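The next block holds one structure in the form of structure tokens; read it before the comments.
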Amino acid sequence: MNDLPTKYNFKEIDAKWADRWVKDNVFNAKADTKKAPYVITIPPPNVTGILHMGHALNNTLQDIIVRYKRMKGDEACWMVGTDHAGIATQNVVEKKLAQENKTRHDVGREEFLKEVWDWKEHHGSTIIRQLKALGASCDWPRERFTMDEGYSEAVKKVFIELYKKDLIYQGERIINWCPRCNTALSDEEAEHQEHQGTLTHIRYPFKDNPTKHVIVATTRPETMLGDTAVAVNPEDKRYKDCIGQTLILPLMNREIKIIADDFVDPEFGTGAVKVTPAHDPNDFGMGQRHNLEFINVMHEDGRINNNGGAFSGLDRFEARKKVVEKLKEDGFFEKVEDHTHAVGHCYRCDDIIEPYLSKQWFVKMEPLAGPAIDAVKTGKIKFHPARWEKTYMNWMENIRDWCISRQIWWGHRIPVWYDAEGNIFVAHDEDEAKAQAKEKHGKDVALRQDEDVLDTWFSSWLWPFATFGWPEKTDDLKTFYPGHALFTAPEIIFFWVARMIMAGYEFMGDLPFKDVYIHGTVRDAKGRKMSKSLGNSIDPLDIIEKYGADALRFSLIINSGQDLYISEEKFEIGRNFANKIWNASRLVMMNTEGVDTSTSLSDIAQNDLDLPDKWIISSLNTTIDKVSTAIESYRYSEAESLIYDFFWKNFCDWYLEIIKNRWDDPTTKQVARKVLEESLRIMHPFLPFVTEEVWQHLKEGNTLLCVDAWPQSNAKLIDQKIETEMATIFELIGSIRNIRAEWNIKPGEKIDCYVSTEEDKALLENNADLITSLARLGSITIEDKLSQTKNVASTVVGPIKCAIPLGDVIDVDKEKKRIEKQIADHTKQRTGIEKRLSNENFVAKAPADVIDKDKEKLKGLIDKIEKMQEVVNALKP
RNA sequence: GGGCGAUUAGCUCAGUUGGUAGAGCAUCUGACUUACAUUCAGAAGGUCAUAGGUUCGAUCCCUGUAUCGCCCACCA
């Protein structure tokens with residue numbers, strides 16, 4: 001039991017623990033806990049989702065903090081679940097139907113929804129399984145779905161509440177409409193493609209003087225049939241006098257006014273724009289601002305309707321030709337020129353999308369934004385890195401109303417019913433709506449429910465509290481709201497983060513979380529976003545298979561500064577490190593069998609320890625401190641570097657090498673064993689699988705590491721001086737090894753060292769054994785003055801601490817000059833700082849800690865200069 | 001067009017309150033040391049994009065320029 005297998009078999013280990021942790025239910029938080037709760041909520045992945053690198057990064061970050069907090073003794077709850085992802089999911093099922101040559105209209109709404117639910121039952125938990133394989137320590141029994149029963153209640157309640165508060169209204173808006181599919185598309189579904197089109201210039205004559213005209217330009221001439229104004233920039237001198245005058249719309253003979261609007265760019269085209277409020281999003285905006293008439297000239301299938309006069313019945317492209325012909329005939333045509341511009345295409349049938357006027361539901365956002373803005377302004381909610389606050393503020397301060405209705409079937413159906421007269425009844429269900437209608441009409445009337453469903457984000461924005469049972473007043477809600485942190489990608493700050501904050505204040509009266517960590521985007525080695533269509537994505541599941549889940553996690557995090565540029569070799573660092581942990585553990589365990597492990601490091605340190613033991617204990621405690629701080633400050637890659645350096649460089653490369661021939665010393669055994677144990681603890685959040693497996697062997701299966709304690713650092717065990725001294729010794733040994741090779745000194749031979757200060761002399765003398773054994777020398781002699789020989793040595797360590805004579809290599813004069821230059825630099829600094837400290841202005845204004853720091857620096861500089869001066873004085877050629 | 005970033009070794013990036021530039025890959029040199037070759041010891045490689053400014057001192061703070069990128073809105 002106490003031995004590790006020779007081979008680190010991550011596949012077996014990963015699978016074993018992923019399974020065991022879930023089975024033992026160790027990640028389930030208790031609502032009736034006495035511990036401090038720590039709560040994060042997962043950005044719910046789409047039910048259609050499969051784990052990609054972005055997920056892997058996002059969830060590893062969350063897992064690190066949640067495992068850390070759990071070990072620290074908090075009641076850690078990582079709320080988990082999936083999002084119904086309206087459009088994405090509907091697409092999957094529609095595609096399936098398409099294979100049978102059917103559309104959703106063929107099967108009908110009810111049957112179609114059954115199909116979607118069916119799909120969800122069979123395929124909806126793929127990503128959950130994958131998260132488990134990644135090692136995510138989510139609160140699995142609490143898993144939710146944004147369309148499960150209770151959650152749907154929450155969504156309805158929110159809609160009704162907002163409606164009652166007059167914060168939800170029905171209004172008109174331009175949406176993307178596909179005339180071929182006969183459906184509305186979201187902005188995400190409209191693919192903009194560069195398109196070689198034309199810009200047709202048309203003359204609009206003045207009513208009072210038909211010989212004069214204004215020229216407008218358009219890419220879609222047929223829309224002129226619905227024009228209700230011409231707009232110019234208010235600052236445009238060419239048109240200043242025309243503002244307010246009346247034009248005659250050609251072909252339709254409608255009187256339209258010239259209006260002034262800032263939207264118009266005087267530089268583009270003629271500086272005059274035809275305004276078609278019903279067929280263009282920008283014109284729609286102008287239409288609202290100027291109270292224009294909205295004339296819809298098109299049927300849903302793209303044919304011109306009766307508002308199009310002589311052109312009614314024509315298809316939109318046919319009409320385009322005919323309109324231009326007629327304009328030419330009637331003398332209103334000015335010219336046509338080529339024009340390349342982006343045109344929206346339907347993602348499904350690739351047909352050109354028509355901006356189309358329709359009725360939609362909206363949420364008034366401005367009243368909700370206030371508390372959410374304050375929360376960030378006052379620092380109650382913090383972004384990490386802080387710069388994202390600017391992005392957030394910029395959006396919040398210019399917030400626009402939120403269009404929440406979607407013309408699809410999969411989702412939360414809008415809880416609105418209409419009677420024959422179009423009266424609106426907002427209710428939880430049809431019965432309640434009927435009751436309302438009965439009250440109004442005094443009798444039973446037939447109602448029909450709104451066909452549309454709600455935007456997916458309208459359920460996601462309730463995630464931090466709806467998952468805990470809201471609107472019921474549950475124990476969960478009481479314990480786990482508000483939460484603590486949110487981890488997500490920058491592109492959904494608006495869609496999701498901002499809205500969750502608003503919902504938190506509106507419905508819970510409190511913020512949903514205190515910290516928002518925004519991580520980078522995962523890209524390929526060339527900087528392109530990873531995507532299926534580009535074929536450049538690296539599948540995290542492949543990496544898990546090939547390198548192990550720990551390797552995936554570790555490598556991702558250590559690369560996670562801003563955006564991550566990933567190629568497969570990047571995962572070697574994690575694989576190598578996990579392998580190193582395995583083998584170092586093996587070495588320690590082979591040599592410490594039967595050792596007493598009940599004594600803590602603090603107690604062991606009560607004994608009179610050797611320098612290397614003291615050093616590794618000090619270094620461990622320093623690392624524990626720094627890693628804890630780094631995790632709590634959301635600096636994960638730094639935390640990993642610290643762990644990596646400590647474990648690999650200090651523990652393995654130096655400490656384990658030093659003690660190689662001292663395994664019979666019981667104290668050393670204890671120290672090595674304990675340091676390994678503590679190292680496993682601090683490495684666990686980052687590499688949970690390998691550390692858990694080693695732990696089981698080390699502890700003979702008595703406890704699980706994932707629910708064991710995070711180590712407490714002991715300030716008494718940290719000795720900065722020892723750490724510096726050891727660094728010096730290591731540097732020296734490195735040099736000696738190098739020189740040995742260079743000068744072909746055989747192992748066991750003698751070498752002379754020269755030091756320049758008493759301190760260094762003592763350091764070397766006290767550790768002569770350590771140095772000779774590690775440098776594989778027979779012995780060293782230490783002379784205390786560099787000046788005693790003319791031909792001093794090649795390698796100088798630090799600011800001339802020690803030199804090794806190996807012939808006529810060093811030039812003492814040169815060495816002297818080098819140090820003198822350093823002294824000069826330091827002196828310059830010194831006078832600079834002195835000058836600053838004697839400046840009354842500075843002393844009066846600067847904060848106390850800045851002045852203290854200056855003073856400290858000054859003291860350090862003076863020390864340094866004095867020491868170096870000594871060295872120079874000693875250097876006599 | 002609006003907003004926000006980036007520019008440091010051949011590559012990918014650290015560098016947190018301004019004080020003599022760091023890591024990992026890659027390259028080269030050495031080591032077969034019985035935990036690990038997914039190893040160990042070293043070397044080489046940077047006017048910190050550019051031009052100014054503030055400062056005794058700038059990779060760091062301020063301004064301009066260039067190049068690259070992201071988000072939002074998309075131009076009749």
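The values are calculated or read from the model by the stated rules, or taken from the named source; none is laboratory data. Quick caveat: nothing in here was measured; it's all calculated off a predicted structure. Cβ atoms come from the backbone with ideal geometry, glycine included; neighbour counts cover every protein chain shown. SASA here: full protein model, heavy atoms, side chains in, ligands and nucleic acids out. Shrake-Rupley method; radii C 1.70, N 1.55, O 1.52, S 1.80 Å.
Points to keep in mind about this one:
- Residue check for A:E222: open to solvent by less than 40 Å² (accessible area, probe 1.4 Å), acidic (D, E) and not in a loop (DSSP other than H, G, I, E, B): yes
- Residue match in region A:614-630 (condition: open to solvent by 60 Å² or more (accessible area, probe 1.4 Å), touching a helix residue (DSSP H, G or I) at 6+ places or on another chain (Cβ under 6 Å) and either under 30 Å from A:K721 (Cα atoms) or not in a helix (DSSP H, G or I) (or both)): yes
- Scanning region A:119-138 for residues that are open to solvent by 10 Å² or more (accessible area, probe 1.4 Å) and modelled with pLDDT under 90 yields A:W119, A:K120, A:E121, A:H122, A:H123, A:S125, A:T126.
- Of all residues in region A:291-317, those that are surrounded by 21 or more Cβ atoms within 10 Å (Cβ to Cβ) have Cβ atoms under 7 Å from Cβ atoms of residues that are of a type in the set (S, T, N, Q) and modelled with pLDDT under 90, 6 or more apart or on another chain, in A:I304/A:S312.
- Within the set A:E638, A:E677, A:E593, the sole residue that is of a type outside the set (A, V, I, L, M, F, W, C), open to solvent by 50 Å² or more (accessible area, probe 1.4 Å), in contact with a helix residue (DSSP H, G or I) (Cβ under 7 Å, 6 or more places away or on another chain) and under 27 Å from A:F10 (Cβ atoms) turns out to be A:E638.
- Number of positions in region A:328-366 that are farther than 30 Å from A:A503 by Cβ, away from RNA strand B (no atom under 15 Å from the Cβ) and open to solvent by less than 70 Å² (accessible area, probe 1.4 Å): 7
- All positions within region A:388-417 that are part of a loop (DSSP other than H, G, I, E, B), within 17 Å of A:T146 (Cα to Cα) and of a type outside the set (F, W, Y): A:I404, A:I408, A:G411, A:H412, A:I414, A:P415
- Breaking point among (1) of a type in the set (A, V, I, L, M, F, W, C); (2) in contact with a helix residue (DSSP H, G or I) (Cβ under 9 Å, 6 or more places away or on another chain); (3) within 13 Å of RNA strand B (Cβ to nearest atom); (4) part of a helix (DSSP H, G or I), for A:M286: (2)
- Per the listing A:I800, A:I810, the residue uniquely in contact with a helix residue (DSSP H, G or I) (Cβ under 8 Å, 6 or more places away or on another chain), modelled with pLDDT under 55 and under 25 Å from A:L763 (Cβ atoms) is A:I800.
- Within region A:614-633, residues that are closer than 12 Å to A:I65 by Cβ sit with their Cβ atoms under 8 Å from residues that are of a type in the set (D, E, K, R) and surrounded by fewer than 23 Cβ atoms within 10 Å (Cβ to Cβ), at 6+ positions apart or across chains, in these pairs: A:A630/A:E638.
- For A:K721, the conditions (1) open to solvent by less than 40 Å² (accessible area, probe 1.4 Å); (2) more than 11 Å from RNA strand B (Cβ to nearest atom) all hold with the exception of (1).
- Selection over region A:225-253 of residues that are open to solvent by 20 Å² or more (accessible area, probe 1.4 Å) and either of a type outside the set (A, V, I, L, M) or modelled with pLDDT of 90 or more (or both) gives a count of 13.
- Pair list, Cβ < 7 Å and 6+ apart or interchain, from region A:850-874 residues that are in a helix (DSSP H, G or I) to residues that are open to solvent by 90 Å² or more (accessible area, probe 1.4 Å): A:D854/A:R836; A:L861/A:Q829
- Unmet criterion (only one of (1) in a helix (DSSP H, G or I); (2) at pLDDT below 90; (3) surrounded by 21 or more Cβ atoms within 10 Å (Cβ to Cβ)) for A:A217: (1)
- Residue that is most open to solvent (accessible area, probe 1.4 Å), among those in region A:653-669 that are under 10 Å from A:V588 (Cα atoms) and of a type outside the set (K, R): A:W663
- From the list A:S555, A:S560, A:S598, the one residue that fits, being surrounded by fewer than 18 Cβ atoms within 10 Å (Cβ to Cβ) and at pLDDT below 90, is A:S598.
- Test: residue in region A:167-181 that is open to solvent by less than 10 Å² (accessible area, probe 1.4 Å) and at pLDDT below 85: yes
- For region A:499-517, filtering for residues that are open to solvent by 20 Å² or more (accessible area, probe 1.4 Å) and of a type in the set (G, A, S) leaves 1.
- Pair list, Cβ < 7 Å and 6+ apart or interchain, from region A:218-240 residues that are more than 8 Å from RNA strand B (Cβ to nearest atom) to residues that are aromatic (F, W, Y): A:L225/A:F311; A:V230/A:Y204; A:V232/A:Y239
- Candidate set from region A:1-47 (those that are among the polar types (S, T, N, Q) and open to solvent by less than 80 Å² (accessible area, probe 1.4 Å)); member that is nearest to A:K699 (Cα to Cα): A:N2
- Criterion: open to solvent by 10 Å² or more (accessible area, probe 1.4 Å) and touching a Phe, Trp or Tyr at 6+ places or on another chain (Cβ under 9 Å) - qualifying residue of A:K207, A:K212: A:K212
- Qualifying positions in region A:418-435 - without any contact (Cβ under 8 Å) to a residue 40 or more places away in the chain and either assigned to a strand (DSSP E or B) or among the polar types (S, T, N, Q) (or both): A:Y418, A:N423, A:F425
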